[in-house]
Amino acid sequence: MTARQADLFEVPGPSGLRTGEKFLNANEESAAIAAIDSAGLEPFRFQGWTGNRRTTSYGWRYDFEDGGFARAEPFPDWLVPLRDRAEAFAGLAPGALVQALLIHYPVGAGIGWHRDRPVFEEVVGISLGAPARLRLRHRTGPRAFDRAEQFLAPRSVYLLSGEVRHAWEHGIAPMAQPRWSITFRALSALGLRQTQNGPDGDPRPGRTG
Ligand SMILES: O=C(O)CCC(=O)C(=O)O
Ligand SMILES: [Fe+2]
């Protein structure tokens with residue numbers, strides 16, 4: 001897949017946001033949901049608080065309990081072709097998306113306002129199951145925000161880069177139907193430094209994922 005396909009388009013709002021519908025077909029979506037469901041996801045934990053969504057990471061993981069950034073299990077085989085397609089969609093070099101996060105949002109779960117951690121640069125998400133709205137906001141004053149919203153069709157892909165990734169926050173309101181997502185991330189310059197100078201002297205993250 002390339003970014004030049006007819007069903008990919010630039011969306012209005014903050015720059016750096018791009019979406020593509022029909023990134024997966026219905027069979028691929030079912031297979032991906034089944035693979036996520038059997039991947040041993042665990043409730044997301046943040047400083048003693050437990051969220052409703054369930055997650056697991058590959059390649060690298062960011063531990064929100066201890067603030068640590070560490071190697072995780074390598075990508076499972078089923079994820080590698082999706083990672084390759086996500087890189088092509090985003091115009092990234094093969095192997096750039098070194099981290100994958102699987103999320104299952106049961107009914108009533110969402111994700112609060114946040115920016116992804118600064119160890120990461122480009123973020124490429126695949127949306128599965130219920131249609132969702134990616135809410136976006138950018139602070140313009142002490143209590144004022146610019147707001148935007150991006151509809152995420154099932155089986156679609158989105159890229160967060162540049163302005164929307166760095167200057168805007170994103171979140172998804174709790175939903176009435178279950179949703180699953182696959183988020184791939186590239187390392188930022190900070191992430192590359194941290195992975196080069198880790199406590200165990202790890203070299204740069206492997207290019208095989
Ligand atoms: O489920 C999604 O598509 C968004 C996930 C997300 O924003 C994150 O994990 O940082
Ligand atoms: Fe995020």
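The values are calculated or read from the model by the stated rules, or taken from the named source; none is laboratory data. Values in this document were obtained by computation on a predicted structure and should not be read as measured data. Neighbour counts run over all protein chains shown; Cβ positions are idealised from the backbone, glycine included.
Which of the following residues is at pLDDT below 95, outside any strand (DSSP E or B), surrounded by fewer than 21 Cβ atoms within 10 Å (Cβ to Cβ) and in contact with a strand residue (DSSP E or B) (Cβ under 7 Å, 6 or more places away or on another chain): Arg117, Arg139? Give the steps one after another, and end with the answer.
Numbers: Arg139 fails: outside any strand (DSSP E or B).
Residue meeting the stated conditions: Arg117.
Among the candidates Phe151, Phe120, single out the residue that is in contact with a Lys or Arg (Cβ under 7 Å, 6 or more places away or on another chain), within 11 Å of ligand 1 (Cβ to nearest atom) and of a type outside the set (S, T, N, Q). Please lay out each step first, then the result.
Values: Phe151 fails: within 11 Å of ligand 1 (Cβ to nearest atom).
Of the residues listed, the single one that is in contact with a Lys or Arg (Cβ under 7 Å, 6 or more places away or on another chain), within 11 Å of ligand 1 (Cβ to nearest atom) and of a type outside the set (S, T, N, Q) is Phe120.
Quick one: which residue in Ala167, Ala189, Ala148 is in contact with a helix residue (DSSP H, G or I) (Cβ under 9 Å, 6 or more places away or on another chain) and either more than 17 Å from Gly110 (Cα to Cα) or modelled with pLDDT under 95 (or both)? Give the steps one after another, and end with the answer.
Numbers: Ala167 fails: in contact with a helix residue (DSSP H, G or I) (Cβ under 9 Å, 6 or more places away or on another chain); Ala189 fails: in contact with a helix residue (DSSP H, G or I) (Cβ under 9 Å, 6 or more places away or on another chain).
Just one listed residue meets the conditions, Ala148.
Considering (1) part of a strand (DSSP E or B); (2) closer than 28 Å to Gln194 by Cα; (3) within 16 Å of ligand 2 (Cβ to nearest atom), say which one Ser127 fails and leave the rest.
(2)
Away from ligand 1 (no atom under 11 Å from the Cβ), outside any loop (DSSP other than H, G, I, E, B) and among the aliphatic types (A, V, I, L, M), is that true of Ala93?
Numbers: away from ligand 1 (no atom under 11 Å from the Cβ): yes; outside any loop (DSSP other than H, G, I, E, B): no; among the aliphatic types (A, V, I, L, M): yes.
Taking the combined requirement at face value, the residue does not satisfy it.
Restricting to segment 154-191, what's the tally of residues that are of a type in the set (Asp, Glu) and within 12 Å of ligand 1 (Cβ to nearest atom)? Spell out how you get there, then give the answer.
Applying the first criterion (of a type in the set (Asp, Glu)) to segment 154-191 yields 163, 169.
Narrowing further to those that are within 12 Å of ligand 1 (Cβ to nearest atom): 169.
Of the residues in segment 154-191, 1 are of a type in the set (Asp, Glu) and within 12 Å of ligand 1 (Cβ to nearest atom).
Do you know which of the residues in segment 123-133 that are more than 12 Å from the chain's Cα centre (by Cα) and aliphatic (A, V, I, L, M) is farthest from ligand 1 (Cβ to nearest atom)?
That would be Ala130.
How many residues does segment 147-170 contain that are of a type in the set (Gly, Ala, Ser) and buried (at least 21 other Cβ atoms within 10 Å of the Cβ)? Give the derivation first.
Residues of segment 147-170 that are of a type in the set (Gly, Ala, Ser), as a first pass: 148, 153, 156, 161-162, 167.
Subsequent filtering for residues that are buried (at least 21 other Cβ atoms within 10 Å of the Cβ) retains 156.
The qualifying residues number 1.
Give me a count of the residues in segment 173-191 that are of a type in the set (S, T, N, Q) and over 23 Å from Arg54 (Cα atoms). Don't jump to the end; show me each part of the working.
Filtering segment 173-191 for residues of a type in the set (S, T, N, Q) gives 177, 181, 183, 188.
Subset that is over 23 Å from Arg54 (Cα atoms): 188.
So the count comes out to 1.
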